[in-house]
Amino acid sequence: MDILQQAGASALGSRLRRLAERLSLQAADVYRYYELALEPTWFPVLYALSKQTSASITELAGMTGQSHPFISKIVKQMQAAGLLCSVPSATDKRVNTLVLSEKGQAIMPVLDRQVNDIGDALNAWLNDVSPDLLCALTKLEDGLEHTCLLDLVTQRARLPEGYRIVSFRDGDETAFYELNKAWIERYFVMEESDKAALLAPQSYILDKGGKILLMLAPDNSVCGTVALIAMPKSAFELAKMSVSDLHQGMGLGYELGLAAVNLAKRLKAKRLFLESNRKLTPAISLYKKLGFYELTQSTPSPYCRCDIQMQLDLH
């Protein structure tokens with residue numbers, strides 16, 4: 001048996017790397033067939049500049065999802081091959097941008113034909129072998145954008161057996177509403193600001209750049225929630241944290257809060273803000289354990305129940 005297949009999900013990175021190496025070697029054969037003197041690793045930059053006339057190295061790194069050092073290395077190789085030119089930016093003369101040289105532009109018709117041919121061939125082949133592969137790959141990339149493998153491993157070690165934290169999914173609206181409604185009404189009354197977020201989490205939170213995490217019980221039911229609501233100046237509000245009565249006393253609230261803090265760090269947030277009430281002593285203690293401190297100067301709150309505001313500095 002293939003040793004990497006035998007290792008299962010733990011060898012995912014190694015299997016993807018191996019697959020990339022195989023595809024790159026075969027791509028080199030395809031380039032030779034089309035009489036293109038190109039390295040397979042140059043393709044993302046060429047393709048990006050065929051869609052956008054000029055771009056800086058930073059922009060190319062963002063467009064391709066590859067690291068700045070890697071793109072810098074590729075650009076140097078392509079400049080040495082005469083495919084790229086560096087020119088001052090049209091908007092800021094202090095910044096250089098990259099454009100296709102005459103040689104680079106000359107090969108684009110052949111490259112376009114090759115891209116179309118490869119796309120047609122691979123789509124037909126994938127349709128037989130694994131029709132959902134590209135969709136699954138996109139989901140994997142999107143998921144890893146906001147997930148840290150170390151967090152997943154350590155979180156699993158800390159959580160009770162069978163519990164796990166996932167991102168908000170279609171169909172979770174009712175659980176998100178009911179859990180938070182039950183928690184709020186145990187101590188306070190539902191306010192208009194609560195209803196705005198709980199009745200429309202997609203438009204009120206997610207579509208505005210926020211995130212929602214859910215705690216799943218061993219039976220896959222939602223037993224806890226927490227949200228990051230986007231704020232100005234690279235900040236998020238930590239809000240809508242709740243844990244079902246049936247699942248209290250297992251440290252799930254802390255794990256949800258820690259997962260939200262780690263997610264905010266990956267989103268490059270500079271600070272986290274929250275509002276609470278002093279009579280919620282366990283909650284205040286949890287926030288302090290996560291590193292939050294009380295703000296001495298408060299800002300106007302949309303919640304009547306709020307009598308304490310706290311902050312966590314991230315960067």
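Just so it is clear, none of the values below were taken in a lab; they were calculated from the coordinates. Just so it is clear, the structure is predicted and the values come from calculations on it, not from any experiment. Because the Cβ atoms are built from the backbone with ideal geometry, glycine has one as well, and the counts that use them run over all protein chains shown.
Working from Cα positions, state the angle (0 to 90°, nearest 10) between the long axis of helix 281-290 and the longest principal axis of the chain. Helix 281-290 sits roughly 30 degrees off the main axis of the chain. For the chain, the pair-distance distribution built from all alpha carbon pairs, in bins 20 Å wide starting at 0, is 25, 44, 29, 3 percent. Counting neighbouring beta carbons within 10 Å and listing from fewest to most, the residues R186, R305 come out as R186, R305. Helix 12-33 and the longest principal axis of the Cα set of the chain meet at an angle near 30°.
When the trypsin sites (Lys or Arg not before Pro) in region 208-297 are filtered for DSSP coil states and for at most 14 other beta-carbon atoms within 10 Å of their beta-carbon, the remaining sites are K233, K268, K270, R278, K279. The C-alpha atoms of the chain define a longest principal axis, and helix 133-145 lies at about 60 degrees to it. For Y163, neighbours were defined as the other residues whose beta-carbon sits under 12 Å from its Cβ, and their charges (Lys and Arg +1, Asp and Glu -1) total 0. When the Gaussian network model of the chain links Cα atoms closer than 10 Å, the mean-square fluctuations of L252, L228, L60 top out at L60.
Which links in K208/K270; K211/K288; K208/K233 stretch past 19 Å when you go from one Cα to the other? Correct reply: K211/K288. In terms of surrounding Cβ atoms within a 10 Å radius of their Cβ, F168, F43, F70 rank from fewest to most as F70, F43, F168. Straight-line cross-link partners of K93 among the aspartates and glutamates, defined as a Cα under 20 Å from its Cα and at least 8 positions apart when in the same chain: E59. Residues whose amide H falls under 5 Å from that of M241, counting only those 5 or more places apart or on a different chain, are A227, with hydrogens built in the peptide plane. Sequence-ordered 3J(HN,Hα) estimates for region 223-233 from the Karplus curve with 6.51, -1.76 and 1.60 and θ = phi - 60° stand at 10, x, 9, 7, 10, 10, 9, 5, 10, x, 6 Hz, glycine and proline given as x. Neighbour counts of other Cβ atoms within 10 Å put H315, H247 in the fewest-to-most order H315, H247.
Rounded to the nearest whole Hz, the Karplus-based 3J(HN,Hα) values (6.51 cos²θ - 1.76 cosθ + 1.60, θ = phi - 60°) of region 299-304 follow the sequence 10, x, 10, x, 10, 5, with x at glycine and proline.
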